[in-house]
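In what follows, a single structure is set out as structure tokens and then discussed.
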Amino acid sequence: MKKTALSAVHESLGAKMVEFAGFYMPVQYSGINDEHETVRQKLGVFDVSHMGEIWVKGPKAYEFVQYVTSNDVSKLWVGKVQYSCFPNGKGGIVDDLLVYKFGDEEYLLVVNAANIEKDWNWLVSQNKIGAQLTNASDDISQLAIQGPLALKAMQKLTTTTVTDMEYYTYKVLEFAGIKNVIFSTTGYTGSGGCEIYFENKDAAAIWNAVMNAGAEFGIKPIGLAARDTLRLEMGYMLYGNDIDDTTSPLEAGLGWITKFTDEKIFIDKQFMLDLKAKGLTRKLVGFELIDKGVPRHGYDVVDGNNQKVGVVTSGTMGPSVKKPVGMAYVPIAFSKEGSEIFISVRDKALKAIVVKPPFYKSA
């Protein structure tokens, strides 16, 4: 197992540590519900140093990133971030990712921890035009400070104004006395906040500075389990659960990051145009369980006759919404908001209603 630069810190704080995506990671500290609500109400800090970072540079950088991602890179400017995915050439998804534009010849791709090697190999195999690729994943640490008080607390550590930053933007600044820190606002919890990228050698100093700056606001360290419940309450997807190499972006409801402009040429463009024209046969939907129980990844979705029609991709008892919620792929006939479906839990068909995420709506 790989360790992040902060593994020893997590152990010293009494975190329950597990293997995740090949890394030794904290799954929880004080408890999932407590950590979840800390982020919803105040602020919490996640070690997300296991995430991957790949630089694309040179005269062919723009053309390459435009080709391998589904979103329209021409809409980016320096300081702007974009959510996107890598189509896999067969109608599925290699990974979902963030694209940071640092210049016309410089982009940073932030990818999922479990897919770093897979993504790297995919990008290298598609690089027929000579873009300069660098896998910096092992050299960069990342913290996500999430919650409504996160930016206010982090402002104490930099002279650059960050409290007014718009969603999906970034700045390169001095943070906690460390120069050239990437400070972005792309949170995956639905409660606001930021992510900071820095060199591994600065990890302990930055962690301590973040914890000290957030102390007066009630900051706590947060594990992977609460990260999952927070993203699920927002209806945000997890690669490997809700999207993978067998799911198309259109089926997953990611048409909004799949741009079919005339000037954008990208992998699987024609496949997805044909799929759009032909019509989808299934769709990823959100649902709330009406009957008592908790839906989990892999549970069958059945119809009124107990015939399997789909599968649950993510499910939990939402700590903030106080009800069991989940996502599932179902046939188009069952995908309309308000449709009745059933989740098979221990051989019982529990009633559920299709609803449009997010399940959690902030005040």
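The numbers here are math on the coordinates, done by the rules we state, and not lab data. Being a predicted model, the structure only gives us computed values, none of them experimental. Neighbour counts run over all protein chains shown; Cβ positions are idealised from the backbone, glycine included.
Need the list of aspartates and glutamates near K308 for cross-linking: C-alpha distance under 16 angstrom, and skip anything on the same chain fewer than eight residues off.
D300, E340, D347
When we measure straight from the Cα of K75, which aspartates and glutamates land under 17 angstrom away, once same-chain ones fewer than 8 places off are left out?
The reachable aspartates and glutamates, counting only those whose Cα sits under 17 Å from K75, are E63, D104, E105, E106, E166, D262, E263.
Give me, ordered by chain and number, the residues 5 or more places off D244 or on other chains with an amide H under 5 Å from its own placed amide H.
Under 5 Å from the amide H of D244 lie the amide H atoms of I93, each far enough along the sequence or on another chain.
Given axes a ≥ b ≥ c from the Cα gyration tensor, I'd like to know whether the range 217-363 is rounded (a/c under 1.5), prolate (a/b larger than b/c) or oblate.
In terms of gyration-tensor shape, oblate.
As an exercise, identify the GluC sites (Glu not before Pro) in the range 87-193 lying in DSSP coil whose Cβ has no more than 10 other Cβ atoms within 10 Å. Let's see the in-between values first.
Working: sites: E105, E106, E117, E166, E174; in loops: E105, E166.
Sites meeting the loop and neighbour criteria: E166.
If the reach is capped at under 16 angstrom between alpha carbons, list the aspartates and glutamates near K322, excluding any in the same chain fewer than eight residues apart.
D34, E35, E37, D228, E233, E288, D291
Determine the shape class of the chain: with a ≥ b ≥ c the square roots of the Cα gyration tensor eigenvalues, call it rounded for a/c under 1.5, and otherwise prolate if a/b is greater than b/c, oblate otherwise. Don't skip to the end; give the middle numbers.
On the way: a/c = 1.89, a/b = 1.15, b/c = 1.64.
Oblate.
What's the lysine pair count for the range 116-248 at a Cα cut-off below 28 Å, pairs eight or more apart or interchain?
16
For the range 346-351, just list the computed ³J(HN,Hα) in residue order, Karplus coefficients 6.51, -1.76 and 1.60, θ = phi - 60°, integers in Hz, with x standing in for Gly and Pro.
6, 6, 10, 8, 9, 5
Can you pick out the pairs among K292/K361; K3/K80; K278/K356; K57/K101 whose Cα atoms lie more than 20 Å from each other? Walk me through the numbers before you get to the answer.
Values: K292/K361 22 Å; K3/K80 30 Å; K278/K356 24 Å; K57/K101 10 Å.
As for pairs spanning more than 20 Å Cα to Cα, those are K292/K361; K3/K80; K278/K356.
Where does the chain land at 222 nm, in deg cm²/dmol rounded to the nearest 500, when only DSSP H runs of n ≥ 4 count, each adding -39500 (n - 2.57), divided by all residues? Provide the component values of the computation, followed by the final result.
On the way: 8 runs with 72 residues, N = 363.
Calculated from helices alone, the mean residue ellipticity at 222 nm is -5500 deg cm²/dmol.
Just check the range 1-113 against the gyration tensor rule for me: Cα atoms, a ≥ b ≥ c as the square roots of the eigenvalues, rounded for a/c under 1.5, and otherwise prolate or oblate depending on whether a/b exceeds b/c.
On the way: a/c = 2.30, a/b = 2.09, b/c = 1.10.
Cα axes put the range 1-113 in the prolate bin.
Taking trypsin sites (Lys or Arg not before Pro) as candidate sites, keep only those in a DSSP loop with at most 15 other Cβ atoms within 10 Å, then name the longest stretch of the chain containing none of them.
That gives 129-291 as the longest site-free run.
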